[in-house]
1. Within the range 280-316, restricting attention to residues that are out of contact with any helix residue (DSSP H, G or I) (no Cβ under 6 Å at 6 or more places or on another chain), surrounded by 13 or more Cβ atoms within 10 Å (Cβ to Cβ) and not in a helix (DSSP H, G or I), which residue is modelled with the highest pLDDT?
2. Among what's in the range 249-296 and is over 17 Å from T323 (Cα atoms) and of a type in the set (D, E), pick the residue that is farthest from the chain's Cα centre (by Cα).
3. Restricting attention to the range 95-105, does a residue exist that is aliphatic (A, V, I, L, M) and farther than 19 Å from T8 by Cα?
4. Among the numbered conditions (1) at pLDDT below 95; (2) closer than 30 Å to E70 by Cα, tell me where Q124 comes up short.
5. Taking the range 207-223 on its own, how many of its residues are in contact with a Ser or Thr (Cβ under 8 Å, 6 or more places away or on another chain) and of a type outside the set (A, V, I, L, M, F, W, C)?
6. Consider I176 carefully, then state whether it is within 29 Å of K262 (Cα to Cα), assigned to a loop (DSSP other than H, G, I, E, B) and β-branched (V, I, T).
7. Identify, from the list G143, G111, G207, the residue that is on the phi > 0 side of the Ramachandran plot, surrounded by 16 or more Cβ atoms within 10 Å (Cβ to Cβ) and not polar (S, T, N, Q).
Amino acid sequence: MLEYPTLTVNKSDEFFITVAKQGNHSFVMLGVIQNNEPELLARVGKIMVSSGFSVLDNLMLAGSIFSDAESLLEDEGIAREDDKERRVSYMSYALNYEQAMQFISLVSQIGSEQFIGGVPKCYQPNNDGGSSADEIVTLKYTGNRCSLDLKNKPIVDRTQKISLRNNTCRHTALDILKYTLGIDHHPKHISTLFFQNLPLKTTLVKGKPNKATPFYVIPPPPTVFLKGKSFKKLGSKERALIRIYKKMEKLLTNAPHSQDTKNKFDALKSLYNQLAGKNEQSLDAYIQQIMDWRKENPEAINTFRASTTAQKIGRFFCKETATKKLIDSVQIDLECQFRSKN
């Protein structure tokens with residue numbers, strides 16, 4: 001029998017939300033990174049209300065092309081008893097503690113409004129009288145009913161219906177993702193079409209991401225920090241942030257299972273997180289942060305990656321990695337702006 005002991009987290013930990021696809025079904029996972037590994041806190045997905053997998057279910061699903069069928073947000077469980085590896089595609093985004101709590105609140109509201117299925121379980125704060133100001137929080141795996149926040153009623157209503165036309169499991173996964181991230185558009189990496197794979201691949205072992213495969217959590221996009229500025233009006237600091245972020249995205253398209261890729265991604269992510277939201281910082285301090293980062297990450301900067309024969313041959317003609325060229329260019333851009341102002 002599966003057991004779910006209490007889990008201790010720090011509010012400063014990196015939490016994440018994942019949209020994943022297994023077969024033709026899309027679902028959402030909430031988790032936290034502990035000891036450099038993902039720990040799941042919840043897993044939910046929208047399914048059609050039915051009596052089980054049968055010929056009747058297939059007819060009902062086909063009928064949902066023309067009209068809405070009843071559905072619910074199912075607690076899909078964060079663990080499995082068997083050792084079977086289940087292949088999934090996915091995309092994960094970083095959250096802070098407050099955003100993780102918003103996810104739990106929304107899922108609880110959706111569950112509380114369901115006529116069947118109950119409230120999905122999530123690891124959530126244990127009501128033991130602790131102060132909300134405490135940085136260390138004990139989480140308990142449970143489902144709690146709560147009242148509906150009316151601003152979330154549109155999401156709740158869409159969750160209770162399913163249609164192959166415009167309201168599939170993928171649409172509800174994106175509704176939950178957008179609400180949790182606080183954005184009004186779905187990320188460009190994720191299609192609304194439920195049958196399309198997500199950008200990254202891994203397997204779930206006992207219901208959890210395989211520890212033998214690199215697991216990527218991409219940080220919030222630069223638009224969160226740039227407040228709607230057009231690219232032409234951006235200074236060198238903002239342009240640096242965008243270029244580093246695009247490099248992280250590009251890394252994931254080539255040999256994502258390689259440890260070299262994971263090392264480069266983690267190093268660039270560390271730099272991005274250091275610089276993000278620091279637009280008021282002086283240019284010289286900004287440049288110094290990049291120089292310090294370079295000293296700490298020479299291997300990640302200078303290691304070549306090559307996943308194809310053509311790329312391996314091309315390495316012999318390249319003296320510098322694309323990562324080094326990017327950081328050199330970013331630093332030159334910043335230094336030029338610094339000199340022009342002094």
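The values are calculated or read from the model by the stated rules, or taken from the named source; none is laboratory data. Values in this document were obtained by computation on a predicted structure and should not be read as measured data. Cβ: placed from backbone, ideal geometry, glycine included. Neighbour counts: every protein chain shown.
1. For the range 280-316, the residue satisfying everything is Q281.
2. D284
3. no
4. Evaluating Q124 over (1) at pLDDT below 95; (2) closer than 30 Å to E70 by Cα leaves (1) as the failure.
5. Adding up the residues that qualify gives 5.
6. no
7. Answer to the check: G207.
Yes or no, residue by residue, for (1) surrounded by fewer than 18 Cβ atoms within 10 Å (Cβ to Cβ); (2) free of Cβ contacts under 8 Å to residues at least 60 places away in the same chain; (3) on the phi < 0 side of the Ramachandran plot:
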{"site": "L2", "(1), (2), (3)": "yes, no, yes"}
{"site": "T6", "(1), (2), (3)": "yes, no, yes"}
{"site": "F15", "(1), (2), (3)": "no, no, yes"}
{"site": "K21", "(1), (2), (3)": "no, no, yes"}
{"site": "V28", "(1), (2), (3)": "no, no, yes"}
{"site": "Q34", "(1), (2), (3)": "yes, yes, yes"}
{"site": "E37", "(1), (2), (3)": "yes, no, yes"}
{"site": "V44", "(1), (2), (3)": "no, no, yes"}
